[in-house]
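The structure appears right after this line, and notes come after that.
The values are calculated or read from the model by the stated rules, or taken from the named source; none is laboratory data. The shown structure was predicted, so the numbers you read here are calculated from the model rather than taken from an experiment. Quick reminder, even Gly has a Cβ in these numbers, built from the backbone with ideal geometry, and neighbours come from all protein chains shown.
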Amino acid sequence: MVSLYLASRSPRRRELLAGLGYRFEVLDVAVDERRADGETPARYVERMAREKALAGLDAAEGGGAARPEGLPPVVLGADTIVVVDGKVLGKPRDRAEVLAHLERLSGRDHRVLSAVALAARAAGEPAVGVRLSRNRVWFRQLSPAEREAYRATGEPADKAGSYAIQGLAAAFVTRLEGSWSAVVGLPLNETTDLLARAGLPFLAPPGGDAAGAWPATAERR
C-alpha cells in the first residue's frame, strides 16, 4: 500500500488526475527551471519532471506532508514545454513576450513536449520512472487584434507558450496530433502506466486495488 502525491502547483494537472478518480495530496515544490547549456528540449522537460518528483518525495518523507497511516509515498511530477523551430517557449515574463509568443505560433504548427515522472523509494534508494509525450499542434492565423485581445484576458500569464488549449485558445487550434491531456499539462496515458507499475491501477476492480487508491467517487482538490 502506498500514498499518492502530486508535486505540482498547476490546477490543470490536479483536475486531470482527480478526474480519473485517484485520491492524492498536493505538494508545492520549487526547483531550478533553468535549461542547461546544450540540453535538448526533450531532455530538459524530462529532467524537470524528474526533479519535481524527487523534490516532492523529499517533502513527503521529510514531514512536509501528512501521510495517511504512515504509508510510503509515491510522487508524481510533470512538466510541459512548447517548442518552435528548436526554441523553447516558456511561461511569458511580460506582456511583450505574450504577444511575441502568439505571433510566433500564428498560422503554423509547433511541438508540445510533456513529461511525467513517478518517484518512490526502492531498497532504501529513490527510484524514478519517466515517460515523455510528443505532440504537435497547429494554430490558424491570428490577427494583431486577436493576439492583443487574448493577452488582455490574462489567460496566457502562467502558461508555457502563452496559451491554454483547454481555455479560450482552443478557438485558435485547427489540428492536433497526439494527446490533448498532454498539451494541457499531464499525459494521462503515460501517467496511468506509471501509477499501475507502482501498484495504483486505473479502473481498479470493485472494492479497490491493493493500495486503496481508488475511491467510490473522484476526490477533487
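Keeping to the range 15-58, report how many residues are closer than 29 Å to Gly86 by Cα, in contact with a strand residue (DSSP E or B) (Cβ under 6 Å, 6 or more places away or on another chain) and not aliphatic (A, V, I, L, M).
Result for the range 15-58: 4.
Return only the number of the condition from (1) under 22 Å from the mean Cα position of the chain (by Cα); (2) at pLDDT below 95; (3) surrounded by fewer than 17 Cβ atoms within 10 Å (Cβ to Cβ) that Leu200 does not satisfy.
(3)
Please find, within the range 5-37, the residue that is surrounded by the most Cβ atoms within 10 Å (Cβ to Cβ) out of those that are under 17 Å from Ala119 (Cα atoms), modelled with pLDDT under 95 and among the hydroxyl-bearing types (Ser, Thr, Tyr).
Ranking the qualifying residues of the range 5-37, first place goes to Ser8.
Mind checking which residues of the range 68-109 are over 27 Å from Ala53 (Cα atoms) and in contact (Cβ under 8 Å) with a residue 24 or more places away in the chain?
Arg95, Glu97, Val98, Leu99, His101, Leu102, Glu103, Leu105, Ser106, Gly107, Arg108, Asp109
Which members of the range 119-145 meet the condition of being surrounded by 15 or more Cβ atoms within 10 Å (Cβ to Cβ), under 20 Å from Val82 (Cβ atoms) and touching a residue at least 40 places away in the same chain (Cβ under 8 Å)?
Val130, Arg131, Leu132, Ser133, Arg134, Asn135, Val137, Leu142 - these are the residues of the range 119-145 that are surrounded by 15 or more Cβ atoms within 10 Å (Cβ to Cβ), under 20 Å from Val82 (Cβ atoms) and touching a residue at least 40 places away in the same chain (Cβ under 8 Å).
Within the range 27-37, is even one residue farther than 24 Å from Gln166 by Cβ, in contact with a Lys or Arg (Cβ under 8 Å, 6 or more places away or on another chain), of a type outside the set (A, V, I, L, M) and part of a loop (DSSP other than H, G, I, E, B)?
no
Only one of Val83, Val98 is surrounded by 18 or more Cβ atoms within 10 Å (Cβ to Cβ), more than 15 Å from the chain's Cα centre (by Cα), part of a helix (DSSP H, G or I) and β-branched (Val, Ile, Thr). Can you tell me which?
Val98
Taking Gly161 as meeting all but one of (1) at pLDDT 95 or above; (2) outside any helix (DSSP H, G or I), write down the number of the exception.
(2)
Just name the residue that is surrounded by the most Cβ atoms within 10 Å (Cβ to Cβ) out of those in the range 146-167 that are over 19 Å from Pro187 (Cβ atoms) and of a type in the set (A, V, I, L, M, F, W, C).
Ala157
Can Val116 be described as touching an Asp or Glu at 6+ places or on another chain (Cβ under 6 Å), in a strand (DSSP E or B) and surrounded by 14 or more Cβ atoms within 10 Å (Cβ to Cβ)?
Against the criterion (touching an Asp or Glu at 6+ places or on another chain (Cβ under 6 Å), in a strand (DSSP E or B) and surrounded by 14 or more Cβ atoms within 10 Å (Cβ to Cβ)), Val116 qualifies.
Please give the number of the condition Gly107 fails out of (1) assigned to a loop (DSSP other than H, G, I, E, B); (2) surrounded by 16 or more Cβ atoms within 10 Å (Cβ to Cβ).
Every condition holds for Gly107 apart from (2).
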